[in-house]
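Contents: one structure, followed by commentary.
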Amino acid sequence: DGYIKLSDYPIADIIYGAERTIENTDFGIYSDKMKEKIQDFCKNNRSIMISGSFIGSDLNQNEKFAQNTLKYKFNSQKACSTGNVSKVKKTIFYDKEDLDFYTQLNEKMYAAESVDEIVSTDKNAKTVLRYSENNFSAATYYNGNYKCLILGFPFETIINESKRDNLMKCFLDATNRK
């Protein structure tokens, strides 16, 4: 609504959490206005990270936007029940430590009870995180004119704060590499 101008920033982090389309409303994760802002942001060679439980399954009529701009597509829903994620070697991560995110109700953070498997759609995009229980793709990273990290689970639900910080640091470091 004009409160924040994405163009003022070199990097954006959009946290959708557990947001998804509400039936019989115009609300969804990728409104026309949001798509336009993200496309403009990426066209100006900026970097973006987007995360959420329904980042793939809630695409609705936005599949082409996700594939062409964010370089991912939805593959399957309820992709992980354990909340354990492993890093793919030789990607943007320089450590091998697994990540865990909340999947059960608790007093510290909401639970990501359903998360999506997403896969890359571009030769310059690849899977960088996998759900450990089934090897499904949990995150994709596009390294082209702009950088784009998409997580199929909510970033904020990563249990260990230092591991959450490390994931963000790896993304920020990768945005500075050619």
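Looking at (1) farther than 22 Å from Phe153 by Cβ; (2) polar (S, T, N, Q); (3) crowded, with 17+ Cβ neighbours inside 10 Å, which is the only condition Ser7 fails?
Answer for Ser7: the failing condition is (3).
Do any residues in region 146-163 that are under 15 Å from Leu105 (Cα atoms) have Cβ atoms under 8 Å from those of residues that are assigned to a helix (DSSP H, G or I) and open to solvent by less than 40 Å² (accessible area, probe 1.4 Å), where the two are at least six apart or on different chains, and which pairs are they?
Sorted first by the residue in region 146-163, then by its partner, the pairs are Ile158/Leu167.
Of everything in region 139-154 that's not hydroxyl-bearing (Ser, Thr, Tyr) and not in a strand (DSSP E or B), which residue is nearest to Asp165 (Cα to Cα)?
Top of the filtered list is Pro154.
Sort out which residues of region 10-56 are open to solvent by 70 Å² or more (accessible area, probe 1.4 Å), touching a strand residue (DSSP E or B) at 6+ places or on another chain (Cβ under 8 Å) and of a type in the set (A, V, I, L, M, F, W, C), and write them in order of number.
Residue satisfying the conditions is Ile15 alone.
Considering each of Tyr94, Tyr102, Tyr142, Tyr146 in turn, give the residue that is touching a Pro at 6+ places or on another chain (Cβ under 9 Å) and either closer than 24 Å to Pro10 by Cβ or open to solvent by 20 Å² or more (accessible area, probe 1.4 Å) (or both).
Step by step, each of Tyr94, Tyr102, Tyr142, Tyr146 is checked, and only Tyr102 is touching a Pro at 6+ places or on another chain (Cβ under 9 Å) and either closer than 24 Å to Pro10 by Cβ or open to solvent by 20 Å² or more (accessible area, probe 1.4 Å) (or both).
Restricting to strands (runs of 3 or more DSSP E) lying wholly in region 64-138: which have 2 or more residues that are within 20 Å of Ile159 (Cβ to Cβ) and among the aliphatic types (A, V, I, L, M)?
Strands (runs of 3 or more DSSP E) meeting the threshold: 125-131.
The values are calculated or read from the model by the stated rules, or taken from the named source; none is laboratory data. These numbers come from a predicted model, not from an experiment. Cβ: placed from backbone, ideal geometry, glycine included. Neighbour counts: every protein chain shown. For accessibility, only protein heavy atoms count, side chains too; no ligands or nucleic acids. Shrake-Rupley method; radii C 1.70, N 1.55, O 1.52, S 1.80 Å.
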